[in-house]
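Shown next, in structure tokens, is the structure this report addresses.
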Amino acid sequence: MSTAIGPDATSAMPAVNPRGVDRHGDMPSVGRGPRESILSRTGAMLVMAVFTLYFLVPIWWLLVASTKSRGDLFSTNPLWFADFRLFENIGALLAHRDGVYLKWILNSLLYAGLGAVVATILAAMCGYALAKYRFPGRETIFNIVLGGVLVPATALALPLFLLFSRVQLTDTFWAVFLPSVVSPFGVYLSRVFAEASVPDELLEASRLDGAGEIRTFFTVSIRLMFPALITVFLFQFVTIWNNFFLPLIMLRSEELFPVTYGLYAWNSTVNQFPELRTYVLVGSLLSIIPLIITFLLLQRYWRTGLGTGALK
Amino acid sequence: MTASATPATAARLAAEEGRGRRTPTRRRRVQHPWAIVAFVGPFAAMFVLFYLIPIGVAVWQSLLVVEREGTYGTATEVFGGLRQYELVFQNEAFWTSVGRVLLFGIVQVPVMLALALLFALLLDSPLIRGKKFFRLAFFAPYAVPGVIAAIMWGFLYSPNLSPFQALTSQVNLLSADFVLWAIANVVTWVFVGYNMLIIYSTLLAIPQEIYEAARIDGAGQARIAWSIKIPLVRPALVLTAVLSIIGTLQLLAEPQTFRSFSSAVTSTYTPNMTIYATSSIPNVSLAAAFSVVLALATFILSFTFLRLTRRKGADA
């Protein structure tokens, strides 16, 4: 049994053969045990249907609520549309306080998008070196990095605040951006994938051709590692996008806020300024739609990463 | 600080020793030393700057105390040994918040993982159709950041906005008695799909032949799930459990957001909220000491859990 799911097979599989389809559909029915009863099929479908409602109704509610005027929000059916005012609401949101919401979205894209790109490149280079070169201290470095995987982003927020306040850089773009470019989990994944998908023979061939090590990495190896790097990017993007403690403790100036923190700040004053409620709802909806779409489009990369993380 | 070296051992354990021990490197000249420096250097520099040094600064800060000359005199920081830690252990609010997240974790983590396991097994069984749809629908909430999820559910719980007024007019879900479980529901809603996907990926990697013998013996799906699949996904379950325990102790975004919906959520509701509130007093030394204690507690808890599950695994 343990040979059948040996570590090498499982780590290599997602890299070279990311599965996008369910296998069970193609299974021939011959040799299958007893056919599953109608009762257990119905039961299973019922469970899945109920929980589909649980997972999707809140998002549906947010969508519906974003289309309503302030009065309709309280007086009409919360789960169905009334007077459709989505575009007026979006217009009002974007105009509020000279378009600070758009500024927040841009900030989030910079922190999370640019941060994750830099993090992925740094992690890819380090993981690749740990996989493909022999040098003293290699395992020590890898073990320290693995330790870093277990340190949650939240636990580092206060220490980072103490560090940045010593050099008087709190409440700057760099205070949130710089810590985000370090992804120990990315190094771990890159190492696993470089071992599985970059053959030594190819590197030797490239060396014989006279290409330098760094050139080889950027022209040959990085292409082979590409699916893994998308996974690393996704994980880091979400980590940064969801990191709440760091901006909470670092930032005071509204124009530096990422969108989650900005919406949090508005929501905290909703009792004094009820007109903010619609902005919070519409703003929340607009901020999660691109994320949900990206997630769903790139879902197979998630599974690749998650599978590797769980099996190793 | 030990936290940088010791979790490595824990991660290794969690990793289930996938990779066989490498044959010891023979003594020979390191090839391409400059390339190695160029590849490892940038990450290593950032890791030292933004992981190791901050941890060091926090530990150092936690050993300082503020002394004033007179009541309004200038404040100076002097070395105070473990005095901040004495204050940590006397701080009732902090330990209440630790107890609260432990209670939260004991209930929420098993419920969430049981649901995730159930969905993963159902997705992997021939019992349901439309697998792709369910997988996407259950995973979608993970795209919602904690703050936004808390805002959404906060509105859904509030008596005058909720679509579930039949429920919210009977029970005030935002009252002191229920709000912890209201938050637990938010966290569960976000993370079930994520954990489901981890377990499901593990199930997909199991070769079909393993089930053949069981099928020939006439075992049904429930029996196959119980006797074959669950033991095989144990490593994934342990991993998700450890990650969830860590996440629970670090709870911040959801309860912090809930403060605007419920007065029952105090500024020291969870350990991280206590740290934030203390640091903005500002009493950074005490906040740093809280951080160090919380990091150690997190580490001890996940390490203990790994050890416990390991031993049980060895008996089986």
Averaged over the residues of B:56-69, the number of partner chain Cβ atoms within 10 Å of each residue's own Cβ comes to 2
Chain B - percent of accessible surface contributed by carbon and sulfur, probe 1.4 Å: 63 percent
To test your reading of the geometry: what angle, between 0 and 90 degrees and rounded to tens, separates the Cα axis of helix A:38-66 from the longest principal axis of chain A? 60 degrees
Nearest 10 degrees, 0 to 90: helix A:86-95 Cα axis against chain A principal axis: 80 degrees
On a 0 to 90 degree scale, rounded to 10, what angle separates helix A:7-16 from the longest Cα axis of chain A? 60 degrees
Add -39500 (n - 2.57) for each DSSP H run of 4 or more in chain B, then divide by its residues: what number comes out at 222 nm, to the nearest 500 deg cm²/dmol? -20500 deg cm²/dmol
Quick one: which residues, 5 or more positions from B:L64 or on another chain, have an amide H under 5 Å from its amide H? H modelled 1.01 Å from N in the peptide plane, none for Pro or chain starts. B:G80
Summarise the partner chain shielding of A:162-174 as one whole number: the mean count of Cβ atoms from other chains within 10 Å of each residue's Cβ. 2
Volume in Å³ per residue [convex hull over Cα atoms, computed for the protein assembly as shown]: 187 Å³
Just the Cα atoms of the range B:132-172: what Rg and Dmax do they give in Å? 13.1, 37
Percent of accessible area on the range A:38-84 owned by carbon and sulfur, 1.4 Å probe? 77 percent
With a 1.4 Å probe and all protein chains left in place, how much of the accessible area of the range A:241-283 comes from carbon and sulfur atoms, in whole percent? 52 percent
Out of every Cα-Cα pair in chain A, what percent are more than 38 Å apart? 33 percent
List every DSSP H helix in chain B whose Cα atoms extend 27 Å or more along the helix's own long axis and whose mean Kyte-Doolittle hydropathy is at least 1.0. B:92-124, B:179-204, B:284-315
The protein assembly as shown, accessible area per residue, ligands and nucleic acids excluded (1.4 Å, Å²): 44 Å²
Those residues of the range B:211-228 for which accessible area with every protein chain present is at least 50 Å² below the isolated value (1.4 Å probe): B:R215
If DNA, RNA and ligands are ignored and the probe is 1.4 Å, what is the ranking of A:H96, B:H32 by accessible area, most exposed first? B:H32, A:H96
Alpha-carbon spread of the range A:38-84, three principal axes, descending order, Å: 47, 15, 14
The local net charge around A:R207, scoring Lys/Arg +1 and Asp/Glu -1 for residues other than A:R207 whose Cβ lies under 11 Å from its Cβ, equals -4
Binned Cα-Cα distances of the range B:54-168, short to long, each 10 Å bin given as a whole percent: 10, 17, 25, 19, 16, 10, 3, 1
Which whole-Hz ³J(HN,Hα) couplings does the range A:188-201 yield from phi under the Karplus relation 6.51 cos²θ - 1.76 cosθ + 1.60, θ = phi - 60°, glycine and proline marked x? 4, 4, 4, 5, 4, 6, 5, 4, 7, 10, 10, x, 4, 4
What is the Cα coordinate range of chain B on the first, second and third principal axes, sorted by size from largest, in whole angstrom? 85, 75, 38
Give me the accessible area of B:L239, 1.4 Å probe, in Å² rounded to the nearest 10. 40 Å²
Using a probe radius of 1.4 Å on protein heavy atoms only, what is the accessible area buried between chains B and A, both sides summed, to the nearest 100 Å²? 10800 Å²
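The values are calculated or read from the model by the stated rules, or taken from the named source; none is laboratory data. These numbers were taken from a predicted model, which means no experiment stands behind them. As a convention, Cβ positions derive from the backbone with ideal geometry for all residues, glycine included, and neighbour counts pool all protein chains shown. Just so you know, the surface numbers come from the protein's heavy atoms only, side chains and all, with ligands and any DNA or RNA stripped out. Shrake-Rupley method; radii C 1.70, N 1.55, O 1.52, S 1.80 Å.
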